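The structure appears right after this line, and notes come after that.
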Amino acid sequence: MNTLQKLPRVLEKIVELHHSCPVCNSKQGAVLGVLKYALFDHSTLADCYDVVCCVDCGFVAVNTPSQQSDYDEFYNESFYSPEYLSRQLSKAEREYFEQTVYILSAIYPRKDVALFDIGCGAGCLIDALQNSGFSNVHGVDPSSSCVKLLKERKNIRCEKGSLTLIPFHGQDMELLVLSHIIEHVVDLESALKNIIVRLSENGKVFVEVPDAARYDKFAKNKPLSFFYFQHIVHFDMVHLRNLFVANGFKEVKKGCRTREEKGFTMPCVWAVFQKDESKKREFHPDFSLALKIKHWFENSSLDPLGTLAHIAEQKTAVYVWGIGIHAQMMLRMSVLSNCNIKALVDKNEQLHGVSIGGQQILSVDVLKDAGNDEVVVITSLIHSESMLKYLKEDIGFKGKIVTI
């Protein structure tokens, strides 16, 4: 263990951790900032907690009292909308998955490698793998909707499960794919121990996560918009390596890239690790990411131009359209919470009637009755262009439109 770096003095507020650090087992964290979300009233997840870094190694996570079972229930019931499952991939999305296949092909040239995509979602990567000739691919996801889709419509071997409850017992596992998965896991140490047991000798893991060190490069003056309530851990390459090397793996390859989804770009880091239980538990303390995140909490604004503050002051009636991850943060952490919110609106029929703070989410049809002296706040980061078109061209809305 390298102990050259010590906890910086500016990280002086120390708290006990609900979940021990998966890198060094420390039970104390330094507070970097506080996150709050307007979650659905039926949600069992905690809606307010600290973002902390481990006092011994700098590993950054949220200090949530929620358990993995709470998150698994959320992914099974609320995460995937029918529109998401049936959507058509853009050219950028297809290229992203094809690039992932290229990386995996370099790791295992054999097309019959026993590959398991954990958290496979709608099976976009599995589709790309099978199209390139991979013949022994399995999918695992906590969402019943995703499993049903893949088994019935795509004829893909897929079972319900998670990183801590991997199905397909008795089958050889040579390569595990964890693409944008481990940032959602509460007990990472237990998850990695489970992987070690299930992997074949010299088995490998491909892992990709959002690159927290570059949030500010892609969100401009709002890096906090990348702090989704489903993301329990915030990685950079240093701490991604620390996590795996400290838990029985050795690094094989690494890189960085971006992931695009309908105009929204997320910075990512990826790495390949090989099972190597002979390695001693080691890590390299690093607090640079923690200091950067603390700076963002102290200096970032979710209303940099003061637009929402002006609307709140005028008490203008507001329709909040697009009740997704970003909206749930804005409704608790920005001046939007002080606005005169007339309606919460979303296209997803599964959300209609679901409430936040006792206020039910309504159909987009309610926007047809919006007056010229009212405001529509578009909170979606991905669909804003089509939403603008609907307001201006389809229903002829003449009031003020604010995009966030």
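The values are calculated or read from the model by the stated rules, or taken from the named source; none is laboratory data. Bear in mind the structure is a predicted one, so any value in this text is a computation, not a measurement. A quick note on method: Cβ atoms are made from the backbone with ideal geometry, for glycine too, and the neighbour counts reach across all protein chains shown. Areas reflect the complete protein model, heavy atoms only, side chains present, ligands, DNA and RNA absent. Shrake-Rupley method; radii C 1.70, N 1.55, O 1.52, S 1.80 Å.
So the values come out like this:
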quantity: Nonlocal amide H pairs with SER66, under 5 Å, H built at 1.01 Å; calculated: ALA46
quantity: For LEU362, solvent-accessible area (1.4 Å; no DNA, RNA or ligand), Å²; calculated: 60
quantity: Of VAL272, SER69, ILE401, farthest towards positive along the dipole that unit charges on Lys, Arg, Asp, Glu beta carbons give the chain; calculated: VAL272
quantity: Unit charges on C-beta of K, R, D, E only; dipole of segment 180-228, Debye; calculated: 220
quantity: Residues whose placed amide H lies under 5 Å from that of LYS400, excluding near-sequence neighbours; calculated: GLU374, VAL376
quantity: √(5λ) per eigenvalue of the Cα gyration tensor, segment 269-340, largest first, Å; calculated: 43, 16, 8
quantity: Segment 285-401 - Debye-derived log10 I(q)/I(0), Cα point model, q = 0.12, 0.13, 0.17 Å⁻¹; calculated: -0.48, -0.55, -0.85
quantity: Calculated log₁₀ intensity ratio I(q)/I(0) where the Debye formula runs over C-alpha points of segment 65-218, q = 0.14, 0.17 Å⁻¹; calculated: -0.71, -1.07
quantity: Cα-based convex hull, the chain, per residue volume (Å³, whole number); calculated: 134
quantity: Convex hull volume per residue for segment 233-295, taking Cα atoms only, in Å³; calculated: 99
quantity: Ordering of 115-122, 202-209, 309-316 by burial proxy (mean other Cβ atoms within 10 Å per residue, highest first); calculated: 115-122, 202-209, 309-316
quantity: Selection from GLY139, LEU308, HIS234, by position along the positive dipole direction of the chain (Cβ); calculated: HIS234
quantity: Per-bin percent of Cα-Cα distances, segment 188-288 [10 Å]; calculated: 14, 43, 29, 12, 1
quantity: Global geometry of segment 326-371, whether rounded, prolate or oblate, following the gyration tensor of its Cα atoms and the 1.5 cut on a/c; calculated: oblate
quantity: Aspartates and glutamates whose Cα lies under 14 Å from that of LYS398, excluding same-chain neighbours fewer than 8 positions away; calculated: ASP369, ASP373, GLU374
quantity: The chain, relative contact order [Cα under 8 Å, separation at least 6], %; calculated: 16
quantity: Segment 101-135 versus segment 252-290: alpha-carbon centroid distance in Å; calculated: 19
quantity: Given charges at Cβ of Lys, Arg, Asp, Glu: the chain dipole, positive-most of GLY357, LEU7, ALA128; calculated: LEU7
quantity: From the C-alpha gyration tensor of segment 109-196, square roots of 5λ in Å; calculated: 20, 16, 11
quantity: Under Karplus coefficients 6.51, -1.76 and 1.60, residue-wise ³J(HN,Hα) of segment 204-221 in Hz, glycine/proline x; calculated: 10, 10, 9, 10, 10, 9, x, 8, 4, 5, 10, 3, 5, 6, 10, 10, 6, 8
quantity: Accessible area of TRP321 in the full protein assembly, 1.4 Å probe (Å², nearest 10); calculated: 20
quantity: Assigned charges on the beta-carbon of Lys, Arg, Asp, Glu; segment 327-404 dipole about Cα centre (debye); calculated: 200
quantity: Cα pair distances of segment 227-353 binned at 5 Å [whole percent]; calculated: 2, 8, 12, 15, 14, 13, 10, 9, 7, 5, 3, 1, 0, 0
quantity: Packing-based order for 330-341, 190-201, using average beta carbon neighbours within 10 Å, highest first; calculated: 330-341, 190-201
